[in-house]
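*Asks:* This is the structure I have questions about; it appears just below.
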Amino acid sequence: MINLAQRETKLMVAVHGWSGILLGLLLYAVVVTGTAAVFADEIGTWSAGHVATQSAFARPHGKVIERLGAQTPSKYREAVDLFETGDHDLGVFFHRHETDAAGNLISRGVFYRLDEASRVVEQRPATNEEVFGATNDNALSSFLVETHVRLHVPNPWGLLLTGILGLAMLVAAVSGLLIHRHLFKDIFTLRRAAKPVLFNRDRHNVAGTWSLPFAFVLAFTGSFFSFYGTVGIPIVAMAAFGGDVEALNETVYGNPGKPDARPAAMSGTDRAFADAIRRAGDAPTFAAIENFGRADAKLTTYHPPSEGGLAPISLLYEAGTGAFVQVKPLIGQRPSTGGTLAAIMSPLHFGNFAGVLSKGVWFGLGFAMCYVIYTGLRLWLVRREAEARSLDWLSRSVVVVGLGLPLALLVTAAVFLLTKPLDTAVYWVPTGFVLASLALIVAGAVWSSAAAYARALVLWSGLAMLALPILRLVTGGPGWSTALTASQPVIVALDCALLLAGGWMTWQRLGSHLRSGRSDRLVLEPAE
Amino acid sequence: MQPTARRWTRVALAGPGAIVTAVVMMAGMTQWLPSGTAGIDNLVLPLVLLPILWAALFFHACLDRRLGRVAIVAGGLLLVHAGLLAYAFTAGHPTAVKEKGR
């Protein structure tokens, strides 16, 4: 039980309400896309129809990487990023670090893509932004992540915006906790027989209270990520290194050892990857070689947390021989409080520390957060309905964003499935989203009422979910037997999830319509 | 102080005041936090703690009835950390750390 004086409770209620109403719609957009992005990898596999399951790091690409290093201009051998791209192809990005005209640190070099037989299927000069940006294969998952991370607003403003939204969520979570006079009672109070406003407030309270710790963790880690590079790094570099960001990065992320610029063969990568997979129990998600072609070259592999662990693992190798050097903390050369705290931010935010199980829990809690934000906005509006009838536009906006945004994302997925075979998905995915959003906004403005529009949106979303698996098959995606034969159950699981959710939503709308003979019973009472 | 003036002072302390103080504290903490076994705690912990610092200052400004105490706490933290930074710059500490970092 929390005992806050009446005056402070009133203030906290105001802070809770206004933090939600001022930034709630944008926050909702960030949380919805973040919830979907928990399964970004799986959505990428499902949408692109990837059926390969063997990691690119488990294949012997070492000799080809060494050859590519020899043919790449020496100025780009400062560092090499290795990562999976497409259907378990290997991306190899030889680069050096530069400062662009705007003073931002960038990586510039040559990018290669190797297929499963180590053939070079793509080769081009590139910057890090181009290498790690959207491709035709991952346009949908990349779009989801980009929306969540920066709402497509250019850097650094997008990150600053989502950072501020994270702080607003932190404020809403803490003030929500403080205004609960009977926290434990509220967790179980759901008065079904009460008036709709009271019943809906109970639902908001129950969902909000259960997901309170999660909201706090998400808001804290999310704002940490947003402010880390935009505000934190430049200011800490200024305070401790006179503004030299590279020196800060070298201290925090650098590898141990003395410089040795003598040329050396880089024949240890295959051995290092095999050893890393054995030690970590899983293939790396990313690897980096620094000082490629030199005697002091080091290879670092990055892995998801091991079973029962929370912090991701990284292993350090001599790149020339593949000899294991040490288990390396993600941050710093030795384990430390700061390094560990910073390292667990990522699994805490993304929920990827225990595979599909933790991702499922994070998805569910993210969904609960969406519900809490949406119902919170509705409650705020209902309380002011009597005193301010001019809030109809806000009521419509809440419906357009709350129910229209998920539908726009479903339409975007359909656009991806249609345009990927044409190799135009990178252009059409964001364009499709904008067009769908505009259409839904216009429809929301002219529809007879916000409640009627909400009912229509639920029905359309259900139908869109039912249509997506069919569209995936029609546009050349692998069938269930092909996916299961290739040990790729993700495709089948996502198809089933869409069919079940879509079927339930459609049945709710149409069933209610058929049962009552009228279509205004079901979805959104004013207080929902 | 008039109620309206008190309200706006509180808003200023909880809004821009909390942001400025949290950012200056983050920078200043690099000067006094122990660097730890890996030599990075003083650099990484302030980055991690920034949202918490801001939230603590924000809620203190909202909930403490004594506005003077809010101003003293936030102002004191701001001055101490700004002073540490000013000392580090005038004594050339950032350059020294830079050399060590390399």
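*Asks:* Suppose we filter B:Gly92, B:Gly68 for residues that are more than 7 Å from chain A (Cβ to nearest Cβ), without any contact (Cβ under 8 Å) to a residue 12 or more places away in the chain, under 26 Å from B:Gln2 (Cα atoms) and not basic (Lys, Arg); which single one remains?
*Replies:* Step by step, each of B:Gly92, B:Gly68 is checked, and only B:Gly68 is more than 7 Å from chain A (Cβ to nearest Cβ), without any contact (Cβ under 8 Å) to a residue 12 or more places away in the chain, under 26 Å from B:Gln2 (Cα atoms) and not basic (Lys, Arg).
*Asks:* Right, next: Can you pull out the residues in region A:1-38 that are closer than 21 Å to A:Lys359 by Cβ and outside any helix (DSSP H, G or I)?
*Replies:* A:Val38
*Asks:* Can you find even one residue in region A:290-300 that is buried (at least 16 other Cβ atoms within 10 Å of the Cβ), free of Cβ contacts under 8 Å to residues at least 12 places away in the same chain, over 30 Å from A:Phe188 (Cβ atoms) and β-branched (Val, Ile, Thr)?
*Replies:* no
*Asks:* While we're looking at this one, here's another question. Here are some conditions: (1) surrounded by 22 or more Cβ atoms within 10 Å (Cβ to Cβ); (2) assigned to a helix (DSSP H, G or I); (3) modelled with pLDDT under 90. A:Gly332 meets all but one. Which one does it not meet?
*Replies:* (2)
*Asks:* Here is a check on your reading of the model: is B:Ala74 in a helix (DSSP H, G or I), more than 7 Å from every other protein chain (Cβ to nearest Cβ), more than 22 Å from A:Ala342 (Cα to Cα) and at pLDDT 95 or above?
*Replies:* yes
*Asks:* Among the residues of region A:414-425, how many are under 21 Å from the mean Cα position of the chain (by Cα) and surrounded by fewer than 20 Cβ atoms within 10 Å (Cβ to Cβ)?
*Replies:* Adding up the residues that qualify gives 1.
To keep it simple, each residue is scored yes or no on (1) under 26 Å from A:Leu144 (Cα atoms); (2) not assigned by TED's automatic domain parsing to the domain that holds A:Met266.
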{"residue": "A:Leu299", "(1), (2)": "no, no"}
{"residue": "A:His303", "(1), (2)": "yes, no"}
{"residue": "A:Gly308", "(1), (2)": "no, no"}
{"residue": "A:Pro312", "(1), (2)": "yes, no"}
{"residue": "A:Leu341", "(1), (2)": "no, yes"}
{"residue": "A:Trp362", "(1), (2)": "yes, yes"}
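*Asks:* While we're looking at this one, here's another question. Going residue by residue through region B:17-31, is there one that turns out to be outside any helix (DSSP H, G or I), more than 9 Å from every other protein chain (Cβ to nearest Cβ) and either of a type in the set (Phe, Trp, Tyr) or in contact with a helix residue (DSSP H, G or I) (Cβ under 7 Å, 6 or more places away or on another chain) (or both)?
*Replies:* No - not one qualifying residue is present in region B:17-31.
*Asks:* Select the helices (runs of 4 or more DSSP H) contained entirely in region A:204-279, then report the ones holding at least 1 residues which are at pLDDT below 90 and crowded, with 22+ Cβ neighbours inside 10 Å.
*Replies:* Ranges flagged: A:233-241, A:245-253.
*Asks:* Exactly one condition in (1) in a loop (DSSP other than H, G, I, E, B); (2) farther than 22 Å from A:Glu78 by Cα; (3) within 14 Å of chain B (Cβ to nearest Cβ) is not met by A:Gly309; state its number.
*Replies:* Exception for A:Gly309: condition (3).
*Asks:* Only one of A:Gly44, A:Gly17 is in the same structural domain as A:Cys370 (by TED's automatic domain parsing) and either closer than 16 Å to A:Ala168 by Cα or free of Cβ contacts under 8 Å to residues at least 24 places away in the same chain (or both); which?
*Replies:* Exactly one residue qualifies, and that residue is A:Gly17.
*Asks:* Also, I was wondering about something else. Tell me, yes or no, whether region A:299-316 has at least one residue that is of a type in the set (D, E, K, R) and within 16 Å of A:Glu84 (Cβ to Cβ).
*Replies:* Within region A:299-316, none of the residues are of a type in the set (D, E, K, R) and within 16 Å of A:Glu84 (Cβ to Cβ).
*Asks:* Give me a count of the residues in region A:314-341 that are touching a Gly at 6+ places or on another chain (Cβ under 9 Å) and of a type outside the set (Ser, Thr, Tyr).
*Replies:* The number of residues fulfilling the criteria is 14.
*Asks:* Against the condition out of contact with any strand residue (DSSP E or B) (no Cβ under 9 Å at 6 or more places or on another chain) and at the interface with chain B (Cβ under 9 Å from one of its Cβ atoms), how does A:Phe224 come out, does it pass?
*Replies:* For A:Phe224, the condition - out of contact with any strand residue (DSSP E or B) (no Cβ under 9 Å at 6 or more places or on another chain) and at the interface with chain B (Cβ under 9 Å from one of its Cβ atoms) - is met.
*Asks:* Take the residues in region A:312-329 that are more than 14 Å from chain B (Cβ to nearest Cβ) and in a loop (DSSP other than H, G, I, E, B); name whichever of them is modelled with the lowest pLDDT.
*Replies:* So, considering only residues that are more than 14 Å from chain B (Cβ to nearest Cβ) and in a loop (DSSP other than H, G, I, E, B), the one modelled with the lowest pLDDT is A:Pro312.
*Asks:* Then there's this: Please give the number of the condition A:Ala194 fails out of (1) surrounded by fewer than 17 Cβ atoms within 10 Å (Cβ to Cβ); (2) assigned to a helix (DSSP H, G or I).
*Replies:* Of everything listed in (1) surrounded by fewer than 17 Cβ atoms within 10 Å (Cβ to Cβ); (2) assigned to a helix (DSSP H, G or I), A:Ala194 misses just condition (2).
*Asks:* Output the residue which, of all residues in region A:133-178 that are within 12 Å of another protein chain (Cβ to nearest Cβ) and among the β-branched types (Val, Ile, Thr), is farthest from the chain's Cα centre (by Cα).
*Replies:* The extreme case among them is A:Val174.
*Asks:* Listed residues A:Gly503, A:Gly462; which is modelled with pLDDT of 95 or more and touching a Leu at 6+ places or on another chain (Cβ under 7 Å)?
*Replies:* A:Gly503
*Asks:* Here are the criteria: (1) more than 15 Å from A:Ala237 (Cβ to Cβ); (2) surrounded by fewer than 19 Cβ atoms within 10 Å (Cβ to Cβ). Tell me which single one B:Phe89 does not satisfy.
*Replies:* (1)
*Asks:* Let me ask you something else. For region A:201-222, which residues satisfy the criterion of being touching a Gly at 6+ places or on another chain (Cβ under 7 Å) and free of Cβ contacts under 8 Å to residues at least 40 places away in the same chain?
*Replies:* Of everything in region A:201-222, just one residue is touching a Gly at 6+ places or on another chain (Cβ under 7 Å) and free of Cβ contacts under 8 Å to residues at least 40 places away in the same chain, namely A:Leu212.
*Asks:* Restricting attention to region A:246-261, which residues are within 29 Å of the chain's Cα centre (by Cα) and more than 11 Å from chain B (Cβ to nearest Cβ)?
*Replies:* If the condition is that a residue be within 29 Å of the chain's Cα centre (by Cα) and more than 11 Å from chain B (Cβ to nearest Cβ), then A:Asn255 is the only one that fits.
*Asks:* If you check B:Ala82 against the conditions, is it touching a residue at least 40 places away in the same chain (Cβ under 8 Å), part of a helix (DSSP H, G or I) and within 9 Å of chain A (Cβ to nearest Cβ)?
*Replies:* No; evaluated as a whole, the condition is false for this residue.
*Asks:* Filter region B:32-46 down to the residues that are part of a helix (DSSP H, G or I) and either crowded, with 21+ Cβ neighbours inside 10 Å or facing chain A (nearest Cβ under 10 Å) (or both) and list them by number.
*Replies:* B:Asp41, B:Asn42, B:Leu43, B:Val44, B:Leu45, B:Pro46
*Asks:* Which residue out of A:Ala52, A:Ala48, A:Ala37, A:Ala58 is hydrophobic (A, V, I, L, M, F, W, C), under 30 Å from A:Thr269 (Cα atoms) and within 20 Å of the chain's Cα centre (by Cα)?
*Replies:* The match here is A:Ala48.
*Asks:* Inside region A:472-498, can you point out the residues that are under 19 Å from A:Glu42 (Cβ atoms), among the hydrophobic types (A, V, I, L, M, F, W, C), over 23 Å from the mean Cα position of the chain (by Cα) and surrounded by fewer than 16 Cβ atoms within 10 Å (Cβ to Cβ)?
*Replies:* A:Leu473, A:Trp480, A:Leu484, A:Ala486
*Asks:* May I pose another question? Among the residues of region A:475-499, write down those that are of a type in the set (A, V, I, L, M) and touching a helix residue (DSSP H, G or I) at 6+ places or on another chain (Cβ under 9 Å).
*Replies:* A:Ala483, A:Leu484, A:Val490, A:Ile491, A:Val492, A:Ala493, A:Leu494, A:Ala497, A:Leu498, A:Leu499
The values are calculated or read from the model by the stated rules, or taken from the named source; none is laboratory data. Note that this is a predicted model, so its numbers are computed, not measured. Every residue, glycine among them, receives a Cβ derived from its backbone with ideal geometry; neighbour counts consider all protein chains shown.
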